[in-house]
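S.K.: Dropping the structure in here first, questions after.
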Amino acid sequence: MAKLITTLGPLDASQVGMILPHEHVFVDLRTWDEPGFGQADPQDVIALMVPELDRARAAGVTALVECSPEGVGRNAAILKAVSEAAGYPLVAPTGIYREPWVPPWAHQASEDELYEWMLGELRGEIGESGVQAAWIKLSAGDDGITETETKILRAAARAGAETGAIIGSHTARGRVLRDQLDIVESAGYTPQRFIWIHAQNDTLELNLEMAAHGAWIEYDAIGGGREDAFWIERIQAMLDAGYGEQVMLSHDRGWYDPGKPGGGTPRPFTYISEQFLPRLTAAGVDQATIDMLTVDNPFRAFAR
Ligand SMILES: [Zn+2]
């Protein structure tokens with residue numbers, strides 16, 4: 001039976017409910033060459049983020065997927081410390097972000113080496129953190145996928161095919177995603193195990209095209225500036241077209257930022273539960289559909 005691999009160990013579907021598929025506990029958006037990049041005292045991160053995880057739990061959110069891969073300050077030891085302090089499961093990725101955040105070692109590594117590295121984290125642990133990676137996060141440039149990003153994606157597709165791990169890509173443009181899906185298929189994996197992260201940044205038409213191709217469509221900046229009506233319209237269009245089983249909802253919020261004094265001010269993981277879902281209900285979406293979008297879909301996507 002498929003399990004959701006978390007910082008607190010593997011969980012089966014009966015042990016989790018609503019899951020947010022795109023949030024952050026810890027991110028550093030500076031680049032690898034900045035002093036102190038990706039580092040913080042775990043106690044400081046605990047002090048800032050445990051209350052946010054407690055609030056998420058009180059709002060009915062049972063697990064968060066952490067979306068920071070290598071290149072944007074991924075720190076599995078800190079995730080584990082925060083998760084254990086809160087008694088709250090986080091879902092950690094392997095993988096590497098896009099250029100210019102790709103670290104030098106990954107530029108130099110061959111596709112085979114990247115594949116072995118991802119496989120090791122998906123089957124074993126991230127470094128010596130005791131955290132097993134559940135999935136693969138990567139990205140591609142807005143103007144087109146680069147040679148290095150292609151190498152990372154091919155390695156990811158091979159590691160995903162081997163383990164069943166889902167791949168999620170931060171991709172702003174649908175035409176770049178189209179190329180990514182071609183690469184995934186040519187490397188022996190399937191668009192059905194691929195998430196278009198930030199799908200809202202391109203047209204509904206392209207969202208529908210990629211869903212028809214099998215990809216997951218993630219609407220993940222809810223509560224982040226756009227009116228709720230925008231999201232409700234997109235979700236209803238996907239439901240009407242019969243792609244409800246491929247849609248996921250999240251905030252892309254958090255987080256402790258080592259580049260800011262005291263880690264900055266996190267934004268709560270509660271907007272969807274407290275504000276958005278009641279509006280989605282009022283717009284005529286029934287509870288069974290909401291459960292599909294917020295409980296069943298993210299489990300099915302991330303469990304393996
Ligand atoms: Zn994000």
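S.K.: Once the cut-off is 24 Å, how many percent of the Cα-Cα pairs in the stretch 1-100 end up in the long-distance tail?
M.R.: When all Cα pairs of the stretch 1-100 are counted, 22 percent exceed 24 Å.
S.K.: In addition: Would you calculate, for the chain, the mean residue ellipticity at 222 nm contributed by helices, counting each DSSP H stretch of 4 or more residues as -39,500 (n - 2.57) and dividing by all residues, to the nearest 500?
M.R.: That calculation yields -11500 deg cm²/dmol at 222 nm.
S.K.: Let me ask you something else. Can you give me the accessible area per residue for the stretch 140-206, using a 1.4 Å probe, in Å²?
M.R.: 36
S.K.: Report the full-extension gain for the segment THR146 to LEU239: residue separation times 0.36 nm, less the Cα-Cα distance, to one decimal in nm.
M.R.: Additional length available on full extension: 30.1 nm.
S.K.: I want the local charge near ARG98. Using Cβ-Cβ distances under 10 Å, sum +1 for each Lys or Arg and -1 for each Asp or Glu among the other residues.
M.R.: Neighbour charge sum, excluding ARG98 itself: -3.
S.K.: Return the inverse of the average 1/r over all pairs of distinct C-alpha atoms in the chain, which is the Kirkwood hydrodynamic radius, in Å to one decimal.
M.R.: One decimal place: 19.1 Å for the Kirkwood radius.
S.K.: Further, regarding this structure: What are the semi-axes of the equivalent ellipsoid of the stretch 83-203, taken as the square roots of 5 times the eigenvalues of the Cα gyration tensor, listed largest first and rounded to whole Å?
M.R.: The three semi-axes for the stretch 83-203 are 23, 17, 14 Å.
S.K.: Give me the percent of accessible area attributable to carbon and sulfur for the chain, probe 1.4 angstrom.
M.R.: 49
S.K.: So if we plug the beta-carbon distance of LYS3 and ALA58 into 1/(1 + (r/R0)^6) with R0 = 41 Å, what FRET efficiency do we get, rounded to 0.05?
M.R.: Taking R0 as 41 Å, the efficiency between LYS3 and ALA58 is 0.95.
S.K.: Taking the inverse of the average 1/r across all pairs of different Cα atoms in the stretch 115-167, what Kirkwood radius in Å do you get?
M.R.: 11.5
S.K.: Evaluate the Kirkwood expression for the hydrodynamic radius of the stretch 57-134, namely the inverse of the mean inverse distance over all pairs of different C-alpha atoms, and round to one decimal in Å.
M.R.: 13.5
S.K.: What's the extension gain from ASP179 to PHE37 if we count 0.36 nm per residue and subtract their Cα-Cα distance?
M.R.: My answer for the length gained is 48.0 nm.
S.K.: Can I ask one more? Sorted from largest down, give the three principal axis spans of the alpha carbons of the stretch 184-304, whole angstrom values.
M.R.: Projected onto its principal axes, the Cα set of the stretch 184-304 covers 44, 40, 28 Å.
S.K.: Which residue, VAL65, VAL184, VAL285, has the most motion in a Gaussian network model of the chain that connects Cα atoms within less than 10 Å?
M.R.: Largest GNM mean-square fluctuation: VAL285.
S.K.: Which of LYS151, LYS80, LYS260 moves most in a GNM of the chain, Cα contacts under 10 Å?
M.R.: LYS260
S.K.: Here is a further query. How long, wide and thick is the stretch 146-195, going by the Cα atoms along their three principal axes, in whole angstroms, largest first?
M.R.: 27, 21, 17
The values are calculated or read from the model by the stated rules, or taken from the named source; none is laboratory data. This one's a predicted model, so the numbers in the text were calculated from it and none came from an experiment. Cβ atoms come from the backbone with ideal geometry, glycine included; neighbour counts cover every protein chain shown. The protein model used for the area step is the full one, side chains on, heavy atoms only, and it has no ligands, DNA or RNA in it. Shrake-Rupley method; radii C 1.70, N 1.55, O 1.52, S 1.80 Å.
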